[in-house]
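Take a look at the structure below.
The values are calculated or read from the model by the stated rules, or taken from the named source; none is laboratory data. What you see is a predicted model; the values in this text were computed from it and never measured. Ideal geometry is used to build each Cβ from the backbone, glycine not excepted, and the neighbour counts take in all protein chains shown.
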């Protein structure tokens, strides 16, 4: 007696229809042969795609649905044509933290996570601002939500020094407190410091923290229209020096699109050596990392949602099919093979970026998957509808529909 049996499933890059048996949270078998054993729940996929769940490697979860608390100045600054005012945008957006309170943050976070479950987005690397204004308020809300949604949506909480470490005295102590409270990942944003020396100090201090607590690193690097920014390179070099291959992740790296080609290729080589992925969110700013060129250089790349209705981006609902749909246009990845690549960037490649174990849809792995309301990847992107069924760790979810 299996717990769940999925029949007539279309699998990516495979022909014919397949059957998937799940028991005790594990995929027991995937076969074209009819499975005659009984199951407590039988799902007829009717030829629709069945894949791994979606992974959102970058979401500022403590700030979701705060757009209405702000004016449009931060949005205008961040979305300027050359992104030369990105730092100004961050300073303007920080005003919302003067009113940080778990009483409104936690309901917003829950709403975003319910939408994640509905959309089959079962893994989120979630950032919580840590600074003199936010203190640990957002972090504590995210830690509560992480525990509430355990077994439904896996949340990795990033302690994120949004306003810098050197330029924001006391932040380093708050970061230590955040790790003691149970944060999963050490964050960073070194490019926001005023000098290259301070940028290096930012990276070095966060690296020390990650080593001390044996945690991965996620850093927003070079998120502005300035080709002289080099914190992506600095993070890769430090990661290699410390021998922490595969344990650092770079986010945004928007200045990359302005790099001269020889420098780009050097950085791409460093990223490969560091085993360091790059998260791109091309829909949230007019500049973005060179996704196609990174893929051509055999670098690890994925996509993220970044923001949901906050001072940096007015839309979003934790739907990674929508993110990939937008990226298809912005990156001009519109051929069928490129669509398959984009799907990888919100599933298997994203999972590699945040070191998820036993993620791929194969026998003996964790039974987390989605039954799409589409028979092809093209149709999945075209309509970006919520999956027909979402299974998390062997459990069939009945997620809330949020208006």
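Is at least one residue of the range 103-117 closer than 16 Å to residue 139 by Cβ and not in a helix (DSSP H, G or I)?
no
Residues being in contact (Cβ under 8 Å) with a residue 60 or more places away in the chain and not in a loop (DSSP other than H, G, I, E, B): count how many of those fall in the range 350-382.
Of the residues in that region, 11 qualify.
Regarding the range 85-98, can at least one residue be identified that is touching a strand residue (DSSP E or B) at 6+ places or on another chain (Cβ under 7 Å), in contact (Cβ under 8 Å) with a residue 24 or more places away in the chain and outside any strand (DSSP E or B)?
Within the range 85-98 (the criterion being touching a strand residue (DSSP E or B) at 6+ places or on another chain (Cβ under 7 Å), in contact (Cβ under 8 Å) with a residue 24 or more places away in the chain and outside any strand (DSSP E or B)), the answer is yes, since at least one residue qualifies.
Where residues in the range 1-29 are farther than 16 Å from residue 368 by Cβ and within 28 Å of the chain's Cα centre (by Cα), which of them is surrounded by the most Cβ atoms within 10 Å (Cβ to Cβ)?
Step by step, filter the range 1-29, then rank; the result is 10.
I'd like to know if the range 323-342 contains one or more residues that are surrounded by fewer than 20 Cβ atoms within 10 Å (Cβ to Cβ) and under 17 Å from residue 115 (Cβ atoms).
yes
For residue 71, all conditions in the list (1) in contact (Cβ under 8 Å) with a residue 24 or more places away in the chain; (2) assigned to a loop (DSSP other than H, G, I, E, B); (3) in the same structural domain as residue 97 (by TED's automatic domain parsing) hold save one; what is the number of the exception?
Residue 71 satisfies every listed condition except (1).
Just give me the residues in the range 325-348 being in contact with a strand residue (DSSP E or B) (Cβ under 7 Å, 6 or more places away or on another chain) and touching a residue at least 60 places away in the same chain (Cβ under 8 Å), in sequence order.
Of everything in the range 325-348, those that are in contact with a strand residue (DSSP E or B) (Cβ under 7 Å, 6 or more places away or on another chain) and touching a residue at least 60 places away in the same chain (Cβ under 8 Å) turn out to be 346, 347.
Do we find that residue 57 is surrounded by fewer than 20 Cβ atoms within 10 Å (Cβ to Cβ), in contact (Cβ under 8 Å) with a residue 12 or more places away in the chain, under 30 Å from the mean Cα position of the chain (by Cα) and not in a loop (DSSP other than H, G, I, E, B) in this structure?
Judged against the criteria, residue 57 is not a match.
So how many residues does the range 355-382 have that are surrounded by fewer than 19 Cβ atoms within 10 Å (Cβ to Cβ) and touching a helix residue (DSSP H, G or I) at 6+ places or on another chain (Cβ under 8 Å)?
Summing the residues that are surrounded by fewer than 19 Cβ atoms within 10 Å (Cβ to Cβ) and touching a helix residue (DSSP H, G or I) at 6+ places or on another chain (Cβ under 8 Å) in the range 355-382 gives 4.
Considering the range 44-54 alone, what residues qualify as being over 29 Å from the mean Cα position of the chain (by Cα) and either part of a strand (DSSP E or B) or surrounded by 18 or more Cβ atoms within 10 Å (Cβ to Cβ) (or both)?
Hit for the range 44-54 is 44, nothing else.
Residue 183 - would you say it is within 30 Å of residue 395 (Cβ to Cβ), buried (at least 21 other Cβ atoms within 10 Å of the Cβ), in contact with a helix residue (DSSP H, G or I) (Cβ under 6 Å, 6 or more places away or on another chain) and in contact (Cβ under 8 Å) with a residue 40 or more places away in the chain?
No; evaluated as a whole, the condition is false for this residue.
Testing residue 152 on (1) surrounded by fewer than 24 Cβ atoms within 10 Å (Cβ to Cβ); (2) in a helix (DSSP H, G or I); (3) touching a strand residue (DSSP E or B) at 6+ places or on another chain (Cβ under 7 Å), one condition comes back false. Which one is that?
Failed condition: (2).
Out of curiosity, is residue 188 under 17 Å from the mean Cα position of the chain (by Cα) and surrounded by 24 or more Cβ atoms within 10 Å (Cβ to Cβ)?
yes
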